[in-house]
Amino acid sequence: MHKINLLAGVGIGALVFAPAIEAYAQQSSAVGSIGEVVVTATKMGVTNLQKTPLSVAVVGGDDLEKARVVTLRDLPSAVPALKVVQANANPVVYIRGIGGYPGNNEPDVGIYQDGVYLGRTSIATGSNFNDLERIEVVKGPQGTLFGRNTVGGAINFISKQPPKTFKFENTLNVGNFTLIDEAFSIGGPLTDRMQASLSVGLVKREGYLDNVVPGQPNGAAADRKNVRFQLRYELTDKITNLVRADYIYTDEDWATNETLLLKTNDPRVLSCTTAGVCTFSGYAAPLTNSAVGDLTKFANFQTPHLMEQSYGINDELTWEVNEHLTIKNLAAYRTDKSVNIRPGNNTEYATGITPGYYRTHTISDELNLEHSFGALSGVAGVYYFYDYERNTTRGITAYAPPVRTALSNGSSYQDTRFPTTSKAAFISETYHFTPELAITVGARYTAEHKELDTYNTSYVYNGDYYTGSFARTASGDYVNSAPSGGPDPRTLVVFPYVKGYGTAIPALERDSNAFTPKIGVEFQATPNAFLYASATKGFKSGGFNFTARNDFGAYFNPEKIKTYEIGAKTDWFDKRLRVNVAAFRNDWQDLQVNAGLVVPESVVTIQIAANAAQARLTGYEFDVTAKPLDGLTFTASATMLPEAKYLEFKTGQAGNIVKQLLIQAKDPRENALANTYDASGNRLPNTPKVSAVFSAQKDFDLANGDGLYIKGTTQYTSATYFDPSNHPLSRRAPFSIYNMQIGYTLAGGHWDMALWGNNITDKQYFSSLRMDTFAIGTPGAPRTYGLRLNYTY
């Protein structure tokens, strides 16, 4: 915590010009208090955050711009409990150290758009948030109220509803890397009882990761378009219907996890046998090695590319039956399709390419009964969710120099269908013994059915290789050229017990269910001090691995978690100081983790989701807002995780490059023969002990009616491990990021503009690490800056 003094550095940016500007400013006679923040996380309508017995972080629409939160990946700069790790093209979200592996289609953190569950987090990253009212980050297991039963928390992106008077807003951001971020929205009444709104967003930006391979585009580019239409109509004074439809299109070179930590010929690049005999397996890759150490560069013979289309429609019907009962129904349909091109082995050599084709159709419906009868209030409901996914992957392998001679996996084809049906019933009731003291009891029963219908074939090379090239067909597929230099040295392997669609062998099926109760107590100790405590069970269903070749290793078990939390929400000094604190503990069983598995009767290792036995995480949080002077606001938020460890995980698995180092060092916890590592007692990946965000903002009311503000933000993250072995190679050092913004608003409030800069010191850091054949990292964004111009009518 010695770096918390960085807050002083943040404040300098907001205050350095204050004396000069103050002479021209028109000051009010009273110091403003901290405003009320509202949330809908309890599903009992709008509630005051300071009187809500949940730990919730709220980022409002105005703060989204001032904090430059324009994608899901930017949210950690405003919510320190939140971490986003990039896994290929898909982000993996963590809240309070709890996060999920996207390949098993069961994220630990549920992502919602206006209450509708999004099965793919990449959908949320496609929007530039141009029409959001706010984002609510609900921390801890959501085993009672939210649609899908998630163990880590929920993020709900809440849109602005169509206005009842005409409104037009246009926001243009331009910046370095040729950024063009254009968003406009228009809305208003169509009739006395009908309102509509239309929002359109476009984000284009050159990549900030330089692919040093000649002729290849930069990575980490942006090219996204999104449209959202809303229609709200009042059938009667008591019945309102709101229809939303949206479309998101992405077509960009991502290349986010292509940067190597070590050179390809580093002495630590080893290949070890189960007997412990290790040999150097690296090789020279001049272009790749020239980029190592510079997090703005990488080398790949082809820059990875993502194309995605997502569109959906939902209907929210609200019927206020009487003052005691409100019925809400939220029905939704969404479909997504994407092509994710993953080439090569993170070097300039054309060793292979893997196009992945993904398609999903999702239907959901949630019926809520919100009720209030005297001292008793609550919500009860039922939930239905159906998701059909199809994932097709073609692995095409060809070996260019340097020639290698060891046996290796070759070309492969996989076609997987993965339907999921989830049904749930839930209830949450709060009884007020007195106006100040209440108890909440809730529960959800969830039943899920999953199927896996997959067909897999692979070619295995038998000691020889050929040099090939790749060609893209008109359909967007990739094919391998004919082998050169001799006969094709491949053997077709069709894995035993394959569950092939259209065959006599039936698909695999699994059912899982859970009862997840919650009990909580709340106490309004004083008008400005709200206390709460809760005990909650969370559940994430088991499932199938998309990479499964047969019954062996196809299934993983459900994950269960118990969470205990106490908290206090307080206001001081006429609401000029707000201090919210919480302490929590999570106890896991069958924690779902990523692992590797060697399929019997083959030499192929596949990546799967598996289960760790037990884990524990204990933490503390605080959120402080202070307005000591008129127009001056300080905020400080921090999440501390002093304990985050595997209590028992004897069948863990270190990343491949770390595994070789452990074998060479004869580490007793590494069992090379069984391909397991005893991670018991080690720290959980991606759980820094301290994550903090500090900000200072000074607002000036100028004499001519104009307004000016200056804001500075610091984001600090302590040392973090990204491998269950906690090997030093997987450790990311502590780092801090500084952002600033200076804004000006013209009298009348129609025009405002701002100069903004993120990572103004151009700090190079990895947002995440992966211990693969090589040690690979995802670089954080470099210094970005620009000008925002906004017009509102």
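The values are calculated or read from the model by the stated rules, or taken from the named source; none is laboratory data. If you're wondering where the values come from, they're calculated on a predicted model, not measured in any experiment. Here the Cβ positions follow ideal geometry from the backbone for every residue, glycine too, while neighbour counts run over all protein chains shown. Note: accessible area is taken over every heavy atom of the protein model, side chains too, but ligands, DNA and RNA are not part of it. Shrake-Rupley method; radii C 1.70, N 1.55, O 1.52, S 1.80 Å.
Please verify whether the stretch 617-625 includes one or more residues that are under 27 Å from the mean Cα position of the chain (by Cα), part of a strand (DSSP E or B), under 29 Å from Ile776 (Cβ atoms) and not hydrophobic (A, V, I, L, M, F, W, C). For the stretch 617-625, residues under 27 Å from the mean Cα position of the chain (by Cα), part of a strand (DSSP E or B), under 29 Å from Ile776 (Cβ atoms) and not hydrophobic (A, V, I, L, M, F, W, C): present.
On inspection, Asp723 does not qualify as among the acidic types (Asp, Glu) and either in a strand (DSSP E or B) or open to solvent by 20 Å² or more (accessible area, probe 1.4 Å) (or both). Of note, Glu316 satisfies the criterion of being open to solvent by 20 Å² or more (accessible area, probe 1.4 Å), under 29 Å from the mean Cα position of the chain (by Cα) and not hydroxyl-bearing (Ser, Thr, Tyr). Take the conditions in contact with a Gly (Cβ under 8 Å, 6 or more places away or on another chain) and of a type outside the set (Phe, Trp, Tyr) and apply them to Gly777. Does it pass? Here the answer is no, as Gly777 does not meet what is asked. None of Tyr785, Tyr709 is more than 30 Å from Ala654 (Cβ to Cβ), part of a strand (DSSP E or B), open to solvent by 60 Å² or more (accessible area, probe 1.4 Å) and not aliphatic (A, V, I, L, M) except Tyr785. Please specify each residue of the stretch 215-230 satisfying the condition of being within 22 Å of Thr171 (Cα to Cα) and in a strand (DSSP E or B). Once the filter is applied, which keeps residues that are within 22 Å of Thr171 (Cα to Cα) and in a strand (DSSP E or B), the stretch 215-230 yields Ala222, Asp223, Arg224, Lys225, Asn226, Val227, Arg228, Phe229, Gln230.
Do we find that Ile341 is at pLDDT below 85, open to solvent by less than 10 Å² (accessible area, probe 1.4 Å) and assigned to a strand (DSSP E or B) in this structure? Spelling it out, Ile341 is indeed at pLDDT below 85, open to solvent by less than 10 Å² (accessible area, probe 1.4 Å) and assigned to a strand (DSSP E or B).
Scanning the stretch 753-771 for residues that are under 16 Å from Phe298 (Cα atoms) and either surrounded by 17 or more Cβ atoms within 10 Å (Cβ to Cβ) or of a type in the set (D, E, K, R) (or both) yields Tyr765, Phe766, Ser767, Ser768, Leu769, Arg770.
Restricting Tyr497, Tyr532, Tyr564, Tyr501 to those that are at pLDDT 90 or above and open to solvent by 60 Å² or more (accessible area, probe 1.4 Å) reduces the list to Tyr564. Of everything listed in (1) under 30 Å from Ala299 (Cα atoms); (2) open to solvent by 20 Å² or more (accessible area, probe 1.4 Å), the single unmet condition for Ile353 is (2).
One residue is enough: does the stretch 116-123 have a residue meeting the conditions in contact with a Ser or Thr (Cβ under 8 Å, 6 or more places away or on another chain), among the β-branched types (Val, Ile, Thr) and either surrounded by fewer than 20 Cβ atoms within 10 Å (Cβ to Cβ) or modelled with pLDDT under 95 (or both)? Scanning the stretch 116-123, I find at least one residue that is in contact with a Ser or Thr (Cβ under 8 Å, 6 or more places away or on another chain), among the β-branched types (Val, Ile, Thr) and either surrounded by fewer than 20 Cβ atoms within 10 Å (Cβ to Cβ) or modelled with pLDDT under 95 (or both), so the answer is yes.
Which of the residues spanning the stretch 638-697 are within 30 Å of Val624 (Cα to Cα), in a loop (DSSP other than H, G, I, E, B) and of a type outside the set (Ser, Thr, Tyr)? Result: Leu684, Pro685, Asn686, Pro688, Lys689.
Among the residues making up the stretch 244-281, those that are part of a loop (DSSP other than H, G, I, E, B), touching a Ser or Thr at 6+ places or on another chain (Cβ under 7 Å) and surrounded by 17 or more Cβ atoms within 10 Å (Cβ to Cβ) are Ala255, Thr256, Asn257, Thr264, Val269. Once the stretch 176-214 is narrowed to residues that are outside any strand (DSSP E or B) and among the charged types (D, E, K, R), the residue that is farthest from Asn257 (Cα to Cα) is Asp192. Restricting Gly743, Gly777 to residues that are under 21 Å from the mean Cα position of the chain (by Cα) and on the phi < 0 side of the Ramachandran plot narrows the list to Gly777. All of (1) over 16 Å from Phe229 (Cβ atoms); (2) modelled with pLDDT under 95; (3) polar (S, T, N, Q) hold for Thr178 with one exception: (2).
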